Amino acid sequence: MRLIGLTGGIGTGKTTVSNYLNKTYHLPIWDADIYARKAVQPGSLILDSIIENYGTDILLPNGNLNRQKLGEIVFNNQEELLWLEKQIHPYVRDCFEQNIQQFVKKNNEPGYQTSDQYPTAVLVIPLLFEAKMTDLVTEIWVTYTSPQQQIERLMKRDGLSQEQTYTRINHQMPLENKCQQADVVLDNSSTLEILLKQVDSAIAHPSSPK
């Protein structure tokens, strides 16, 4: 079983890599950001806790969470960010664990065959280290760009000010630290072609399964 934990700094190319792995290698992609959004859907216990903590002003007129307003609160207050993560991370982890269990069961079914020596799935977890989810994966891939490229891409993508960009980046583990703990570092500082060649190489040469 090969479970790739895809992580990296915000704005470094994780989505580009995961989309390529899905389209080219037809690998299942499980995304922490998608589960985190599901966790705060209207009517969920987690959203109820957020409303209890911040009031109904944290909601949009349609009843959905105002993610931008919540971000302004938590990214400017470490204690609030930690509180929010304690609400959401257990839900996200549970989603991954359920997917892994189903994936293992499917690949152990009599008669089920795959051309891959190690059946492979990809767990996209931006906070893989911070949320202590490294035990869920068998190898860790980190996307990397230079600090200046990361800032420029994030400002362009999300329309953030430079100050907002620095704040979001600084709330994650330094990218250099993530690279030091990675089995594979995907350098996204150059062209898309060069990045995808690195992905091809990493797929072809798996780390030893745990």
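Data for the structure
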read-out	value
Every residue from the stretch 75-93 that is free of Cβ contacts under 8 Å to residues at least 12 places away in the same chain and among the aliphatic types (A, V, I, L, M)	LEU82
Count of residues meeting criterion [closer than 27 Å to PHE103 by Cα and in a loop (DSSP other than H, G, I, E, B)] in the stretch 29-81	3
Failed item in (1) farther than 19 Å from THR7 by Cβ; (2) open to solvent by less than 20 Å² (accessible area, probe 1.4 Å); (3) of a type in the set (D, E, K, R), with GLU139 passing the rest	(1)
Tally of residues being polar (S, T, N, Q), loosely packed, with under 14 Cβ neighbours inside 10 Å and closer than 27 Å to THR16 by Cα across the stretch 27-66	1
Selected residue (criterion: nearest to ALA121 (Cα to Cα)) from residues of the stretch 80-99 that are modelled with pLDDT of 95 or more and open to solvent by less than 30 Å² (accessible area, probe 1.4 Å)	PHE96
Sole exception among (1) open to solvent by 30 Å² or more (accessible area, probe 1.4 Å); (2) of a type outside the set (Gly, Ala, Ser); (3) closer than 19 Å to THR134 by Cβ; (4) modelled with pLDDT of 95 or more for VAL104, by number	(4)
Restricting the stretch 7-26 to residues that are surrounded by fewer than 18 Cβ atoms within 10 Å (Cβ to Cβ) and touching a strand residue (DSSP E or B) at 6+ places or on another chain (Cβ under 9 Å), the residue that is nearest to TYR118 (Cα to Cα)	TYR25
Among residues of the stretch 151-191, those that are part of a helix (DSSP H, G or I) and more than 16 Å from the chain's Cα centre (by Cα), counted	17
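Results for (1) within 21 Å of ASP31 (Cβ to Cβ); (2) surrounded by 19 or more Cβ atoms within 10 Å (Cβ to Cβ), shown as yes or no for each residue.
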{"position": "THR120", "(1), (2)": "yes, yes"}
{"position": "THR134", "(1), (2)": "yes, no"}
{"position": "THR145", "(1), (2)": "yes, yes"}
{"position": "LEU154", "(1), (2)": "yes, yes"}
{"position": "SER161", "(1), (2)": "no, no"}
{"position": "ARG168", "(1), (2)": "yes, no"}
{"position": "CYS179", "(1), (2)": "no, no"}
{"position": "LEU186", "(1), (2)": "yes, yes"}
{"position": "THR191", "(1), (2)": "no, no"}
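The values are calculated or read from the model by the stated rules, or taken from the named source; none is laboratory data. Please read these numbers as outputs of a predicted model, since none were measured by experiment. Methodologically, a virtual Cβ is constructed for each residue, glycine included, from the backbone with ideal geometry; neighbour enumeration extends over all protein chains shown. We work out accessible area using only protein heavy atoms, side chains counted, and drop any ligands, DNA or RNA first. Shrake-Rupley method; radii C 1.70, N 1.55, O 1.52, S 1.80 Å.
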